[in-house]
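> Handing you this structure, nothing more for now.
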């Protein structure tokens, strides 16, 4: 390489490195603002949340809109009976549980038929949303509101579309069939639909990490932290994402994600936008973005809301291999959605959604990992080429990492403010430790995996990958796809 | 301070608070950078200041978190112990003096226990607890709190005083209706419909129409079925004001109890389709001025399919066998799945001739109406849900 070219290259390197530092600083500042907004929102929520007495009153009312709970299941023989029993025990005036057996290769369907005394039903439904063929619909001979749809395998989105076709109630609740909903979760998540029935299109609840918790008969009996640090890091990550990010985005009506593990939707709105898109691996985010897109184009006065108190407990991966697959899929889903709806970026007609939320997701959630990763690589290259003073590099690295730590600890504060589920000081100390340690390696590892997802997407990778679940209580491997954080 | 939290303008206030917090953060960095004048490179100076501020905030956050959690755990344990002791004392009839002593010493614990007791107890036990509250030191404070500005305390006071029957407490609760915070007014309305004086209850019932749907649902469930309520419903259903009529019908639907007074049949012919829909939905719980057939037959021929569907459902509930022919038409013609479904379920509920006719629909060919009829018969034969709510 000749000398001017080398100088030019080195200059570019230095400028890029400083740009990456600036980028990380801006990203952390946005996170900081989100956590601050989350903090004030949680303070308000703590004061103004309605008491349990009101919930028990609502539970007895025939005017509360009925809900169809959709639970897609694929090879869930290990947990399906317990999960369905838990869903049937939800406290809600009127609901039906629709389990969609998405062509399971194991004994999922047989177990359901035996356990709940199912018979092949003549239930009438219209195939409003296109989906893979339904083989049979089953209902229970017992007086329980359970419907099981057996269909050819088509993926989670396809299964949910079938569930929406079969559903008879005006609200549909998508849940992961291996997650556990708290008994009053449905009533709490439906609250915005009662308070603002004309405007609310979708409501998301909080997803919490069940690893380490004691469960029995589909209920979380006592809350504790997982033993593995990988899962603990995810506890902090979930808290930051839900109590910081989503609360803040929801406050400004620009929430772009309602977790696939637990979300309640207006059925008519979902039908109006054509249901779940089956060609993406991030169907939960894509549906929400499409709802925004649809409503904003029609200048509708609408709301998509996050509620911090309806709780869904889920198992998170404790092995790096499974976690890598999950994050790869989430990142591909995010990128696909951003690409599909790229026309929304910086469009003033989309309001804060087009001018802030979507650019934020594109710039920081979509492209962020690639920028951050190149930043790390260039720092190493800069050291090797003696371009940077190590003290300068270390200072900026520390500044960024400490910023991340404050956000993590801030999310633990939010948890204490909101529901304070972790009972002991020891739990808090472990959470704080996890919040600090996750910035020293774990976060960088996630960045690497998410950057790889970008590459996988360019290569046209479309499949979900196998997700092994431990099950609640006992270690049982089950290929599964979970909702995103 | 809590007034801010309950403010309708909280979103705007929140933006200022966030900006204020960031400004404080930046100011801290600038101040610390000022102390680091020995660092020549300004970029480095600010970066180091930034790090120091972050470390300080981090340390404060962690310390605050752990200390507050620890203190809260201790406080909650002590609080729980005192509450247990108070509950034990309340359960003993001869312990009034000890209870009042504890109330003076631990007013918050006493009020928590009393609130639970007043919510769950009835009759003489309820009266005894109310008398103890009235004789206690925190009672005066509760009365004063209802006139305060902080919504949290006012709400707590109202929810307690709302369970008392003395005029002083009732007047204090009534004051809550004029409080600037909506949350307080809501709490006052709840307290009044549950056990307020007659005038106040009438006032709240009259304001029902202007309240949001979800609050109406809650109030509907709380209001006792007495002459005030019956007067209100009778007046509203005969008023000709669609909005008020809809609210009254919502009430009937929520409570699902038969009304004791006759309802004008003209509601079935209302020009407002929402009134017709709610009327037919509530029909099984309404006592009509005329024969039920005088509204069901026009209902089954209503231009709106939703009205027809609900009229069909009412036919099943009220066993209107004379209209089986029309239900059969609706089931066989199949204009809408819900309409055909309700008609089929009503036929099944009629039994006898209705059931036979339904069998004929199933046996008479193919199509959606046929499938719906088959589903309904299947459920019925298996002892399923039958006519749904």
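The values are calculated or read from the model by the stated rules, or taken from the named source; none is laboratory data. Not measured: the values here are computed from a predicted model. Every residue, glycine as well, gets a Cβ built from its backbone with ideal geometry; the counts of neighbours run over all protein chains shown.
> Quick check: anything in the range B:188-199 within 28 Å of residue B:304 (Cβ to Cβ), away from chain A (no Cβ under 14 Å) and in a helix (DSSP H, G or I)?
no
> Follow-up question, since we're still on this one. Report, by residue number, each residue of the range A:383-393 that is more than 10 Å from chain B (Cβ to nearest Cβ) and part of a helix (DSSP H, G or I).
A:383, A:384, A:390, A:393
> Okay, moving on. Tally the residues that are out of contact with any helix residue (DSSP H, G or I) (no Cβ under 6 Å at 6 or more places or on another chain) and surrounded by 24 or more Cβ atoms within 10 Å (Cβ to Cβ), restricting the search to the range A:75-85.
Count: 3.
> Hey, which of the helices (runs of 4 or more DSSP H) in the range B:271-318, taking only ones fully inside, have at least 1 residues that are assigned by TED's automatic domain parsing to the domain that holds residue B:344 and surrounded by fewer than 23 Cβ atoms within 10 Å (Cβ to Cβ)?
Ranges flagged: B:305-318.
> Does the range B:37-48 hold any residues that are away from chain A (no Cβ under 12 Å) and part of a helix (DSSP H, G or I), and which are they?
B:42
> Just to check your reading of the model, which residue among A:16, A:23, A:92 is more than 13 Å from chain B (Cβ to nearest Cβ) and modelled with pLDDT of 90 or more?
A:92
> While we're here: Taking into account only those residues within the range A:208-225 that are outside any loop (DSSP other than H, G, I, E, B) and within 21 Å of the chain's Cα centre (by Cα), which is surrounded by the fewest Cβ atoms within 10 Å (Cβ to Cβ)?
A:219
> Could you check how many residues of the range A:98-143 are surrounded by 18 or more Cβ atoms within 10 Å (Cβ to Cβ), assigned to a strand (DSSP E or B) and away from chain B (no Cβ under 14 Å)?
Summing the residues that are surrounded by 18 or more Cβ atoms within 10 Å (Cβ to Cβ), assigned to a strand (DSSP E or B) and away from chain B (no Cβ under 14 Å) in the range A:98-143 gives 5.
> Is it the case that the range B:68-76 has a residue that's more than 8 Å from chain A (Cβ to nearest Cβ), farther than 26 Å from residue A:407 by Cβ and crowded, with 20+ Cβ neighbours inside 10 Å?
No, that holds for no residue.
> Can you run down the residue pairs with Cβ atoms below 8 Å, 6 or more apart or on separate chains, where the first is in the range B:98-116 and assigned to a helix (DSSP H, G or I) and the partner is surrounded by fewer than 15 Cβ atoms within 10 Å (Cβ to Cβ)?
Partner pairs satisfying both residue conditions: B:100/B:135; B:100/B:137; B:103/B:137; B:104/B:137; B:107/B:137; B:107/B:141; B:113/B:87.
The rows are residues; the columns are (1) within 25 Å of the chain's Cα centre (by Cα); (2) surrounded by 12 or more Cβ atoms within 10 Å (Cβ to Cβ).
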residue	(1), (2)
B:83	no, yes
B:110	no, yes
B:113	yes, yes
B:123	no, no
B:131	no, yes
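> Also: Determine if the range B:141-163 includes at least one residue that is within 23 Å of residue B:195 (Cα to Cα), surrounded by fewer than 16 Cβ atoms within 10 Å (Cβ to Cβ) and over 27 Å from the mean Cα position of the chain (by Cα).
Yes, the conditions are met somewhere in the range B:141-163.
> Got at least one residue in the range A:264-278 being crowded, with 24+ Cβ neighbours inside 10 Å and either within 12 Å of the chain's Cα centre (by Cα) or not assigned by TED's automatic domain parsing to the domain that holds residue A:196 (or both)?
no
> A further question on this structure: Criterion first (in contact with a helix residue (DSSP H, G or I) (Cβ under 8 Å, 6 or more places away or on another chain) and in the same structural domain as residue A:112 (by TED's automatic domain parsing)) does residue A:160 satisfy it?
yes
> Assigned to a helix (DSSP H, G or I), surrounded by fewer than 18 Cβ atoms within 10 Å (Cβ to Cβ), at pLDDT below 85 and out of contact with any strand residue (DSSP E or B) (no Cβ under 8 Å at 6 or more places or on another chain), is that true of residue B:324?
no
Rundown of residues vs (1) facing chain A (nearest Cβ under 10 Å); (2) out of contact with any helix residue (DSSP H, G or I) (no Cβ under 7 Å at 6 or more places or on another chain), yes/no style:
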position	(1), (2)
B:7	yes, no
B:21	yes, no
B:24	no, yes
B:35	no, yes
B:50	yes, no
B:97	no, yes
B:115	no, no
B:119	yes, yes
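> Which ranges mark the helices (runs of 4 or more DSSP H) fully within the range A:229-318 that have 1 or more residues being in contact with a strand residue (DSSP E or B) (Cβ under 6 Å, 6 or more places away or on another chain) and over 24 Å from residue A:218 (Cα atoms)?
A:247-251, A:267-272, A:283-297
> Looking at (1) more than 11 Å from every other protein chain (Cβ to nearest Cβ); (2) in contact (Cβ under 8 Å) with a residue 60 or more places away in the chain, which is the only condition residue A:415 fails?
(1)
> Taking the range B:204-243 on its own, how many of its residues are more than 14 Å from every other protein chain (Cβ to nearest Cβ), in a loop (DSSP other than H, G, I, E, B) and within 21 Å of the chain's Cα centre (by Cα)?
Count: 3.
> From B:53, B:32, which residue is within 26 Å of residue A:29 (Cβ to Cβ), in a helix (DSSP H, G or I) and without any contact (Cβ under 8 Å) to a residue 24 or more places away in the chain?
The unique qualifying residue is B:32.
> Exactly one condition in (1) closer than 21 Å to residue A:227 by Cα; (2) surrounded by fewer than 19 Cβ atoms within 10 Å (Cβ to Cβ); (3) touching a helix residue (DSSP H, G or I) at 6+ places or on another chain (Cβ under 8 Å); (4) modelled with pLDDT of 90 or more is not met by residue A:440; state its number.
Result: residue A:440 passes all but (4).
> Here is a further query. Which of the residues belonging to the range A:375-401 are in contact (Cβ under 8 Å) with a residue 60 or more places away in the chain and within 34 Å of the chain's Cα centre (by Cα)?
The answer is A:375, A:376, A:378, A:379, A:396, A:399, A:400.
> OK, next. Looking at B:141, B:175, B:156, which is the one that is in contact (Cβ under 8 Å) with a residue 40 or more places away in the chain, touching a helix residue (DSSP H, G or I) at 6+ places or on another chain (Cβ under 9 Å), in a helix (DSSP H, G or I) and over 25 Å from residue B:230 (Cα atoms)?
Answer to the selection: B:156.
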